[in-house]
Amino acid sequence: MAGFAGRLARCWYSGFLRSPLQVPALGLHVGGPAMQTSQKDFNNAVSQLKLLKEDPGNEVKLKLYALYKQATEGPCNVPKPGMLDFINKTKWDAWNALGSLSKEAARQNYVDLVSKLSASSESPSPEAPAADRKQPESDSLVVTSGDGITTIRLNRPTKKNALTTQVTPSARESILLVLSRLFHSKTMYHDIIAALQAASKDESPITVLTGSGDYFCSGNDLTNFTSLPAGGPEEMARSSAVLLRDFVNCFIDFPKPLVAVVNGPAVGISVTILGLFDVVYATDRATFHTPFSHLGQSPEGCSSYTFPKIMGSSKAAEMLLFGKKLTAQEACAQGLVTEVFPDSTFQKEVWARLKAYSKLPPNAMRISKQIIRDREKEKLHAVNAEESNVLRERWLSDECMNAIASFLSRKSKL
Ligand SMILES: CCCCCCCCCCC/C=C/C(=O)SCCNC(=O)CCNC(=O)[C@H](O)C(C)(C)COP(=O)(O)OP(=O)(O)OC[C@H]1O[C@@H](n2cnc3c(N)ncnc32)[C@H](O)[C@@H]1OP(=O)(O)O
């Protein structure tokens, strides 16, 4: 007890417990020296936010939004938006969660949060940009070329490289712009399409898709479903089906050797498109999971056609209908993966091999790919169109809505 009291006292004196109460969900101060922040400090923080070099992520942006509203308007005083108005409901929830926090305390929390973000965005990034970094379409996707290889790297490691339709805002965007861009604009899917189109015409003989961090990709970002456009769910489903079809078409039509360097687990659409790659190298840590039924959805990426062809109809059904997760070794035995490498040597071995392959005559490789793939293209486009149409319906189903709501409320994980 004495030890605990001593530690408590030391914490108190070192300022750790300066603010005696906290709102647990957001980790916010609600008392103590909060009253000392002036309107000027607050205005400075609002300006400072515009200079951030890195996207703080949607969760932090929501906190900032809520604190800004509380600091300027006081406790939430507007009616709760409807169930399907996901975005406004999420914003309302964040603001409402601040309860009766005073305007002064909200100002203090806002200033503290911005100053923390500014400090961390000034420290050097752990992944320094490669010297040959070419066209960063956004921070979520990094495209580099070198050694005869163009590498398209999914770069949202904190979200397991989920494919978002929300844009990573670049530096110098005002809070209003940051918030408005939370909703719609160019997406990671569009960035990948653009990167593939550029790579199809560039000098590199080989193109690679890989991920940053411990995941290859966790599939479609399920929070994409919260961005309801003006036309409501029907419009969201319609435009998403068009986006999906265009996205998959780029893989079907890609003219050069396309290699997946699967650096960790892969989920959903990042698994299904593998059937459209020429070669798939995987670390032994990778797993392959298509939980479409769990999500009330259905197969895409031409997997309803390529998977039965690659692994036989019954193995394909176990993955696509029942969501059986394959280990890297199983995926290799079933033909989805070309070769599995020990995680400790994965990067070294794979890149050395790809560098050697990239020295092969590029035209010969393109022509060989054409002969192998061309007779299937028409069929693949038809399958892609059909899968996208079926998904359009699925996205409006209760099964799908409930599964997404469940993930968003953190009740379910795969
Ligand atoms: C209608 C709108 C669509 C518009 C676009 C259409 C375009 C085509 C769409 C094609 C259809 C695609 C289908 C699919 O891909 S289905 C597969 C979807 N993916 C999932 O269901 C995976 C969900 N994630 C998880 O189950 C777990 O996060 C996972 C097992 C991947 C990892 O678990 P772990 O415990 O290791 O890590 P965390 O859960 O703590 O994850 C860290 C943070 O990352 C967030 N995260 C991870 N994956 C996703 C995701 N797919 N969507 C959204 N967010 C994701 C996770 O929430 C954590 O975030 P926080 O730190 O903020 O909590």
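Comparison of 280, 350 shows that the only residue that is β-branched (Val, Ile, Thr), in contact with a Leu (Cβ under 8 Å, 6 or more places away or on another chain) and not in a loop (DSSP other than H, G, I, E, B) is 280. Scanning the range 369-408 for residues that are of a type in the set (Ser, Thr, Tyr) and farther than 13 Å from residue 248 by Cα yields a total of 2. What are the residue pairs meeting all of these: first residue in the range 348-363, first residue among the small types (Gly, Ala, Ser), second residue surrounded by 11 or more Cβ atoms within 10 Å (Cβ to Cβ) and not in a helix (DSSP H, G or I), Cβ atoms under 9 Å, and 6 or more apart or on different chains? Here the result reads 358/147; 358/148; 358/149; 358/204; 358/205; 358/206; 358/257, each pair linking the range 348-363 to a residue that is surrounded by 11 or more Cβ atoms within 10 Å (Cβ to Cβ) and not in a helix (DSSP H, G or I).
Every listed requirement among (1) more than 24 Å from residue 373 (Cβ to Cβ); (2) surrounded by 21 or more Cβ atoms within 10 Å (Cβ to Cβ); (3) free of Cβ contacts under 8 Å to residues at least 24 places away in the same chain; (4) not charged (D, E, K, R) is met by residue 316 save one, (1). Against the criterion of being surrounded by fewer than 21 Cβ atoms within 10 Å (Cβ to Cβ), within 14 Å of the ligand (Cβ to nearest atom) and of a type in the set (Gly, Ala, Ser), residue 239 qualifies.
Checking the structure you have, find out if any residue of the range 388-403 is β-branched (Val, Ile, Thr) and within 22 Å of residue 270 (Cα to Cα).
Yes: the range 388-403 contains one or more residues that are β-branched (Val, Ile, Thr) and within 22 Å of residue 270 (Cα to Cα).
Quick grid of which residues meet (1) within 16 Å of the ligand (Cβ to nearest atom); (2) under 23 Å from the mean Cα position of the chain (by Cα):
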residue	(1), (2)
325	yes, yes
333	no, no
352	no, no
356	no, no
373	no, no
385	yes, no
388	yes, yes
395	yes, yes
398	yes, no
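Quick check on my filter: what residues within the range 153-187 are modelled with pLDDT of 75 or more and away from the ligand (no atom under 11 Å from the Cβ)? Those that are modelled with pLDDT of 75 or more and away from the ligand (no atom under 11 Å from the Cβ): 153, 154, 155. Across the range 222-270, the qualifying residues are those that are of a type in the set (Asp, Glu) and modelled with pLDDT of 95 or more, and the one among them that is farthest from residue 62 (Cα to Cα) is 253. Working carefully through the options 266, 286, 282, find the one that is within 22 Å of residue 212 (Cβ to Cβ), crowded, with 17+ Cβ neighbours inside 10 Å and away from the ligand (no atom under 16 Å from the Cβ). Just a single option satisfies the conditions, and that option is 282. When the range 188-225 is filtered for residues that are part of a helix (DSSP H, G or I), more than 9 Å from the ligand (Cβ to nearest atom) and in contact (Cβ under 8 Å) with a residue 60 or more places away in the chain, the ones remaining, listed by number, are 195, 198.
Among the residues of the range 290-304, those identified as within 11 Å of the ligand (Cβ to nearest atom) and either within 9 Å of residue 272 (Cα to Cα) or among the small types (Gly, Ala, Ser) (or both) are 290, 293, 296, 298, 299, 300, 301, 303. It is to be established whether one or more residues within the range 324-343 are buried (at least 16 other Cβ atoms within 10 Å of the Cβ), β-branched (Val, Ile, Thr) and in a helix (DSSP H, G or I). Looking for residues that are buried (at least 16 other Cβ atoms within 10 Å of the Cβ), β-branched (Val, Ile, Thr) and in a helix (DSSP H, G or I), one finds none in the range 324-343, hence no. Among the conditions (1) free of Cβ contacts under 8 Å to residues at least 40 places away in the same chain; (2) surrounded by fewer than 22 Cβ atoms within 10 Å (Cβ to Cβ); (3) within 16 Å of the ligand (Cβ to nearest atom); (4) not in a loop (DSSP other than H, G, I, E, B), the only one that residue 307 does not satisfy is (2). Do we have residue 404 as away from the ligand (no atom under 16 Å from the Cβ) and either in a helix (DSSP H, G or I) or not hydrophobic (A, V, I, L, M, F, W, C) (or both) here? Taking the combined requirement at face value, the residue does not satisfy it.
With the structure loaded, tell me whether residue 248 is buried (at least 20 other Cβ atoms within 10 Å of the Cβ), near the ligand (Cβ under 9 Å from one of its atoms) and more than 22 Å from residue 404 (Cα to Cα) or whether it fails that test. Criteria met by residue 248.
The values are calculated or read from the model by the stated rules, or taken from the named source; none is laboratory data. The shown structure was predicted, so the numbers you read here are calculated from the model rather than taken from an experiment. Don't worry about glycine lacking a Cβ; one is built from the backbone with ideal geometry, like all the others, and counts go over all protein chains shown.
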